[in-house]
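Inspection log for the structure reproduced underneath, given as structure tokens.
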Amino acid sequence: MDQETKLTPYWLRLITLTFAVISVGMSVLCFSRLHKLNKAADAKPVVMQYDKDSGLAEYQLEKQIREIVREEYATYQADLQNILAVAGIVFTLFSIGVPLMNYVFLQREHVQDLRNMMTEASEHLEEQKKLAEESEEQLDVQRKGYDALTEMLGEAEDKISEIAEKHKNQQNQIEKQLRKTEMRIIEVDEKYGKSIVSLHDRINSVRTLGTPQGEPTIGQSYVISGNAALSKGKYEEAIEFYMHAASAYEANQDTVNNALIYSNLATAYAWQKNYDRSLEYSDMAIQLDDKKAIHYHVRADTLHKKGDYDKAIFDRDKAIELDPSNALYYEQRSTTLLKMSNRPPQLYKKREFYEAALRDSNKAIELDESNNARYFYQRSVVLHAMKRYDDALESCSQAIRVDIQKEEYYFFRTIIYRSLAISTDNPSKKTEYDLLAREDEATAKKLREDETNS
């Protein structure tokens, strides 16, 4: 009931109230008038005393007035009945029409509410449809991603199998090379032991009988023993042998060979990190023979290890000037140039140093007839510094193909693979480079352990 009253239009309630007030007012007015006429008609006749002035005329006039009042009363009574009948009809119509109209308006508003609900339902359905389409698109994207991931996993599995096979082949090659190295070490040990025994026998023989023609001198015998000790890392013994050799050459006034001995001493002291002593012997070698490139090369190595790159590059240039066909000198100058590029005063020339270092690396490979792996390795170091990672990888791989037993080559290729993984946006490539880096890291670790055990 409250909902129907609330839903009834305001104007309809106002009209209904107005008609009700008018009907009641008219009925009250008619009944009041009719009551007055009725009282007038029912009034008792007045006893009139006729006098000579009024006479019968007044009586007749009063009688006529009463008749007129009765007629008006009858007329009003008939009009009142008509009015009441009309009012009853109107009231009946309104009594029926108002609820009916109220019901019609309620139903109309209900229909409008249903239409609004249908509109909202339609909009909600559209939203659900759009959400379903978006979900379908997301599902397609996820399905494509899953397919791509499955494909990548398949490629990764194939690549892992390929790498595992390659790693197995490399391990076999490394084991063969290790066996050869072990045999070589045994041979060196035997030669070193024999050379010491032979040296003592040779010294005693020379002291007793003199030097036979075609046999090495005492100085040469000491040099051979010193070289053997140096190759074994026995620097003190090497220095002792070289000192004896220098004394022998000084006694014979052999300045050329004596200068070479001084360079050998400089090398031995440099390996001991006694750089000042090494530079003293290098200077002595150059004073005795300033036309030999090897003496400048040895001093440049010591200056490079000491960190004095400006002086080292001067000696590198001098060595190449005296011996321009030596590939080793170009490779070593490339190393020094690369070091110079990292110093703050040379930062603005970094690109120039890189290009000069790359030229020297290429020149070393061009001049090298023995296919030395270290030259390819040095070029890969320069190319990596220039951020030419693909070229660096190719050059380092060439070095490993030449010498598969060098730990630092595998370690550096690990660095190259990780640089490539950082520089690419391809997830499958990142995975591939990471696997290759781990493989090289494991190989380098194994080579280090084998070298330590040997």
### Task
Report yes if Lys363 is in a helix (DSSP H, G or I) and of a type in the set (Lys, Arg), otherwise no.
yes
### Query
When you look at Arg418, is it under 30 Å from Leu149 (Cα atoms) and either modelled with pLDDT of 90 or more or surrounded by fewer than 20 Cβ atoms within 10 Å (Cβ to Cβ) (or both), yes or no?
yes
### Summary
Those residues of region 387-405 which are surrounded by fewer than 18 Cβ atoms within 10 Å (Cβ to Cβ) and in a loop (DSSP other than H, G, I, E, B) amount to Lys387, Arg388, Asp403
### Summary
Quick count over region 226-265, residues being of a type outside the set (Phe, Trp, Tyr), assigned to a helix (DSSP H, G or I) and under 60 Å from the mean Cα position of the chain (by Cα), is 17
### Task
Working only within region 209-231, note down all residues that are at pLDDT below 75 and closer than 10 Å to Tyr242 by Cα.
Gly219
#### Entry: Residues satisfying the stated conditions in region 287-317, i.e. more than 18 Å from Thr267 (Cα to Cα) and over 44 Å from the mean Cα position of the chain (by Cα)
Lys291, Phe314, Asp317
### Task
With the condition kept exactly as written, say whether any residue in region 289-298 is outside the structural domain of Tyr377 (by TED's automatic domain parsing) and without any contact (Cβ under 8 Å) to a residue 24 or more places away in the chain.
yes
### Query
Counting only residues that are in contact with a helix residue (DSSP H, G or I) (Cβ under 8 Å, 6 or more places away or on another chain) and either farther than 23 Å from Lys339 by Cβ or among the polar types (S, T, N, Q) (or both), how many does region 288-305 have?
5
### Query
If you take the residues in region 311-337 that are within 10 Å of Ala300 (Cα to Cα) and β-branched (Val, Ile, Thr), which one is surrounded by the most Cβ atoms within 10 Å (Cβ to Cβ)?
Thr336
### Task
Report whether or not Ser263 is more than 22 Å from Lys339 (Cα to Cα), hydroxyl-bearing (Ser, Thr, Tyr) and either without any contact (Cβ under 8 Å) to a residue 40 or more places away in the chain or touching a Leu at 6+ places or on another chain (Cβ under 6 Å) (or both).
yes
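The values are calculated or read from the model by the stated rules, or taken from the named source; none is laboratory data. The shown structure was predicted, so the numbers you read here are calculated from the model rather than taken from an experiment. For neighbour counting, all protein chains shown are included, and Cβ atoms are generated from backbone atoms with ideal geometry for every residue, glycine included.
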